[in-house]
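Inspection log for the structure reproduced underneath, given as structure tokens.
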Amino acid sequence: MLATRDNSFIRNSVIEKILHEGVIFEGDEDCFWTDAYFTSPDEVEALMKQYDVTASEHVGTDGISHTIHNDVDKLDASQFESWMNYHLRTCSERSILGLRSHGLFICQKN
């Protein structure tokens, strides 16, 4: 996202803050967004194991669309249908779950 929108934030201080602290706050020198918390799929699942819930789905909601949205917008109806088919079929693919900008962990209280 930063490479395509605001590459001034591609610097070691930002990378280290996200990877090691996982939190940025609006107003911080390294904040490229509003307050945000960055986590991994494993961290989300470990957190949810602390509660009396049964996991149903763990999905990435946006895929790579945030980086290729201009190209997706140019697809014709048939191409867009094929893109959506791919997107929906890969939302829960474990090997690329952390690639998404937004995740959704669906569970049920026991």
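Of note:
- Enumeration of residues in region 1-32 that are open to solvent by 50 Å² or more (accessible area, probe 1.4 Å) and either assigned to a helix (DSSP H, G or I) or in contact with a strand residue (DSSP E or B) (Cβ under 7 Å, 6 or more places away or on another chain) (or both): ALA3, THR4, ARG5, ASN7, SER8, ASN12, SER13, ILE15, GLU16, LEU19, HIS20, GLU21
- Count - residues of region 52-92 that are touching a strand residue (DSSP E or B) at 6+ places or on another chain (Cβ under 8 Å) and not β-branched (Val, Ile, Thr): 8
- Residue in region 49-58 that is closer than 23 Å to LEU104 by Cβ and surrounded by 14 or more Cβ atoms within 10 Å (Cβ to Cβ) present: yes
- Just one of the listed residues (GLY98, GLY63) is on the phi > 0 side of the Ramachandran plot, in contact with a helix residue (DSSP H, G or I) (Cβ under 9 Å, 6 or more places away or on another chain) and either of a type in the set (D, E, K, R) or not in a strand (DSSP E or B) (or both), and it is GLY63.
- Some residue of region 30-38 being among the charged types (D, E, K, R), within 16 Å of the chain's Cα centre (by Cα) and modelled with pLDDT under 85: yes
The values are calculated or read from the model by the stated rules, or taken from the named source; none is laboratory data. Since we're looking at a predicted model, the values are computed, not measured. Backbone-built Cβ (ideal geometry, glycine too); neighbour counts: all protein chains shown. Quick note on the areas: whole protein, heavy atoms, side chains included, nothing else; ligands and nucleic acids left out. Shrake-Rupley method; radii C 1.70, N 1.55, O 1.52, S 1.80 Å.
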